[in-house]
Amino acid sequence: LLAVLSSYKRQVPGQVVGSSKTGNVTYVEPAETVQLNNEIEQLKDDERKEIFKILQVLTQQMFVHLPLIKSYQQLLTTFDFINVKSRLALKFDAVLPGLTKDLSFDLIDAYHLVLKLNNEQAGKSTIPQRITMNREARILVISGPNAGGKSITLKTIGLLQLMLQCGLLVPVHPNSKMSFFQGLLTDIGDIQSIVDELS
């Protein structure tokens, strides 16, 4: 396209394609290039159709190997998941705690992954927590001043429980104990982020 001052646009033979926001400049496709541009578009369209035909033939040839390809994909996905779980466990010194069936947990030296990661980047230390609950002690009352760690404690318990139930190792002391629950319910009062040191 040619950028032509709008006052001279009629002096340039060709097709007007558009204009600038102010209207001072008009974009004109010169008459000499209209046929060439149409031919280029036709060639590009022919190329796209040819590529589609080639992909169709290749797909038909590969279709007989579909069960094997699916098996490879499933195996690679499994390996990828194992690799990610391993890297996460190594990064945060995560372990598999003792598993119990009595719907209780005893988290020793537990910490929230996001909090620990942010503190490491900021050069701060992360103080681990110990939280214990069982059938006799089913309610946990947490009190303290603002920025005292109440929400972090709740979020730590929830996150570690979710990690365990998703098949991930958790960042706790090896002597910790955990169990599996049928449901996890959360109720967070407002939208604040641990990353911003708000929770």
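The values are calculated or read from the model by the stated rules, or taken from the named source; none is laboratory data. Here the structure is a predicted model, which is why all the values come from computation and not from measurement. All Cβ positions, even for glycine, are placed from backbone atoms using ideal geometry, and neighbour counts span all protein chains on display. Heavy atoms of the whole protein, side chains included, go into the accessibility calculation; ligands, DNA and RNA do not. Shrake-Rupley method; radii C 1.70, N 1.55, O 1.52, S 1.80 Å.
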**Study point:** Surface share of carbon and sulfur [accessible, 1.4 angstrom probe, percent] for the chain
**Key:** 58 percent
Review point. Counting only protein chains, not ligands or nucleic acids, how are D187, D45, D93 ordered by accessible area (probe 1.4 Å), most first?
Key: D187, D93, D45
Revision key, fill the gap. Evaluated at 20 °C and 1.002 mPa s, the Stokes-Einstein D of segment 42-115 based on the Kirkwood radius over Cα pairs, in µm²/s, stands at 121 µm²/s
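If segment 1-44 were replaced by its equivalent ellipsoid, with semi-axes equal to the square roots of 5 times the Cα gyration tensor eigenvalues, what would those be, largest first, whole Å?
Values: eigenvalues 105, 26, 5 Å².
Taking √(5λ) for each Cα gyration eigenvalue gives 23, 11, 5 Å.
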Practice item. Return the lysines within reach of K177: Cα separation strictly under 19 angstrom, same-chain partners fewer than 8 residues apart disregarded; answer none if there are no such residues. Key: K101, K155
Study note, to complete from the structure: Descending packing, highest mean Cβ count within 10 Å first, for 108-119, 65-76 is 108-119, 65-76
Review point. Given 0.36 nm per residue, what is the gain on full extension from L76 to V34 after removing their alpha carbon distance, in nm?
Key: 10.0 nm
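Using the Kirkwood formula on the Cα atoms of the chain, what hydrodynamic radius do you get, in angstrom to one decimal? Each step should come with its number before you reach the end.
Details: mean 1/r = 0.0423 Å⁻¹.
Value: 23.6 Å, from the Cα pair sum.
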**Study point:** Under the Karplus curve 6.51 cos²θ - 1.76 cosθ + 1.60, θ = phi - 60°, whole-Hz ³J(HN,Hα) for segment 108-115, x wherever Gly or Pro sits
**Key:** 10, 6, 8, 8, 7, 4, 5, 4
Check your understanding: When the Cα centres of segment 7-49 and segment 150-189 are compared, how far apart do they sit, in Å?
Key -> 63 Å
Revision key, fill the gap. The FRET efficiency for K49 and Q15, from their Cβ-Cβ distance with R0 = 30 Å and rounded to 0.05, is 0.70
**Study point:** Neighbourhood charge, 11 Å Cβ-Cβ cut-off, centred on I108 and excluding it, Lys, Arg +1 and Asp, Glu -1
**Key:** 0
Exercise for review: Can you find, among L76, G144, A122, the residue farthest towards the positive end of the dipole of segment 67-199? Put +1 on the C-beta of Lys and Arg, -1 on that of Asp and Glu.
Suggested key: L76
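Any idea of the accessible area per residue across the chain, 1.4 Å probe, to the nearest Å²?
76 Å²
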